[in-house]
1. Look at the range 120-140 and say how many of its residues are farther than 16 Å from residue 46 by Cβ and crowded, with 21+ Cβ neighbours inside 10 Å.
2. Which ones in the range 502-547 are modelled with pLDDT under 95, assigned to a strand (DSSP E or B) and out of contact with any helix residue (DSSP H, G or I) (no Cβ under 8 Å at 6 or more places or on another chain)?
3. Identify all residues within the range 248-258 that are modelled with pLDDT of 90 or more and surrounded by fewer than 22 Cβ atoms within 10 Å (Cβ to Cβ); write none if there are none.
4. Going through 257, 263 one at a time, which residue ends up being assigned by TED's automatic domain parsing to the domain that holds residue 233 and more than 26 Å from residue 376 (Cα to Cα)?
5. Are any residues in the range 477-493 part of a loop (DSSP other than H, G, I, E, B), farther than 28 Å from residue 137 by Cβ and in contact (Cβ under 8 Å) with a residue 24 or more places away in the chain, and if so, which ones?
6. Of all residues in the range 155-202, how many are surrounded by 14 or more Cβ atoms within 10 Å (Cβ to Cβ) and over 23 Å from residue 62 (Cβ atoms)?
7. Can you tell me which residue within the range 83-97, out of those that are surrounded by fewer than 22 Cβ atoms within 10 Å (Cβ to Cβ) and within 26 Å of the chain's Cα centre (by Cα), is farthest from residue 114 (Cα to Cα)?
8. Kindly provide the set of residues from the range 141-154 that are touching a residue at least 60 places away in the same chain (Cβ under 8 Å) and either loosely packed, with under 15 Cβ neighbours inside 10 Å or touching a strand residue (DSSP E or B) at 6+ places or on another chain (Cβ under 9 Å) (or both), ordered by number.
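The values are calculated or read from the model by the stated rules, or taken from the named source; none is laboratory data. Bear in mind that the values here come from a model prediction, so they are computed numbers and not experimental data. Cβ: placed from backbone, ideal geometry, glycine included. Neighbour counts: every protein chain shown.
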């Protein structure tokens, strides 16, 4: 059978990947500087101006948001899969190092307090994500270092050495136009990502060039599987501690995030609307208050529930102790959070369908579902914080091996769109996987009508064709153009690996390579919903130059509602059609038993 997807001919991307993988085989530390030329030659869509002497603030922002805020201090990065990898390399105390976080990546990272990061990876996709990110960060840091050598820059930094307040408009103009030669919007963006430490960070950039060293401690396939096994053991043991054993229960698997499903199922924000509105009013959030009033007056196509979910996140950031109340409500309706303490960082939730309370749920979930029957359910929803790339394959494989009957696989995630706008939702039924080089054809259980009623701002595009790329930076205009000509409009990282795992859950062999694979006969639900967070065909326009903010809440909850409605409807139907067996009791009365 002829291939539907041609080779992209993107030799520069392949060369870059071969370069860093060959270097990382070394037992010694390698220097990120050795990758800069091949990184720039790739002409990544996320690093459009890599070769320009002028800073590419979009690329710097994108990288900074996905790296810990201690990066200005970091000179060395260690990569491993499990604690044992670090201990065998002589880093016995890595677990005691400070845990550090990045807003845009859920990855376990520890900092030794001086100049070294320890990064835990779940699959090779973490390498394909981390290496280009570090390279872009170093390139842009050193551009700024060169610019800040000027006398005007030195004077400005000296005069503002003890600056702790936000810059004035005149200071922003001076920094943008006379020193860095970037837009004032870019300066404000840097203020935001460095969270009040703009001057301090610029002083560090001016003082030293960035020379990051990188060392891969372990990356064998066996170690990835061992790390995934450790992850699942944690999930299973914590689930059993609250009386839930996933090994013999039917399972609906969801890959999404850790807030949407619980928010929709507990309705905490809806039941505490007054508290949340009083909070934004007291904090002086005029824009948010205006939005709330507009919703109340029905002057905007927004949704009150989505708005309150957005405010709830801000509220908890300011009042973290309030999270205990939410946890109590979640457990009351059978939702158990399972944070992982060892290995890589992918949080999970176990949800007992039989304990859900329809009176608490978001009303958008409640139409046409026979809720009384759900009390008879023995099914679980296993929801994970969506992983990166090939970690999806490893995790779903582990879950299908270790749980009872698989009833459905539902995936919600961000993607780049080549034909839509930020906030649109894409529903693919064809996925080309760059990891396996397979093209998967499958029946997506979702269509536009499942999402559109709950989407206020964007549009829904079903019957789409998606590409699962190896990494966010590992794309360029030529790469995208070849696929776009073949009708591929949806670029993300997890669908292909998930479909490879689905193949192995259905067929008696490992997934093939470089084939057209038909999955129409899979005996359980398969659903993928992608919401657009990037429009890379608009040159230089990515989440480093903008962010979803409140507008991102709309497609996130629209897709989460579609997933939960599908699960609840499928489970109610399964219960209705569950075979009964008949026995005659001692009193002669016929009884029905499952």
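1. Going through the range 120-140 one residue at a time, the tally reaches 6.
2. Hit for the range 502-547 is 534, nothing else.
3. First pass over the range 248-258, keeping only residues modelled with pLDDT of 90 or more: 249-258.
Residues satisfying the conditions are 249, 250, 257, 258.
4. Result: 257 is the single residue among 257, 263 that is assigned by TED's automatic domain parsing to the domain that holds residue 233 and more than 26 Å from residue 376 (Cα to Cα).
5. 486
6. 6
7. Residues of the range 83-97 that are surrounded by fewer than 22 Cβ atoms within 10 Å (Cβ to Cβ), as a first pass: 83-84, 87-97.
If we keep only those that are within 26 Å of the chain's Cα centre (by Cα) as well, we get 83, 94-95, 97.
Numbers: 83: 20, 94: 13, 95: 15, 97: 10 Å.
Among them, the one singled out is 83.
8. Scanning the range 141-154 gives a single hit, 146.
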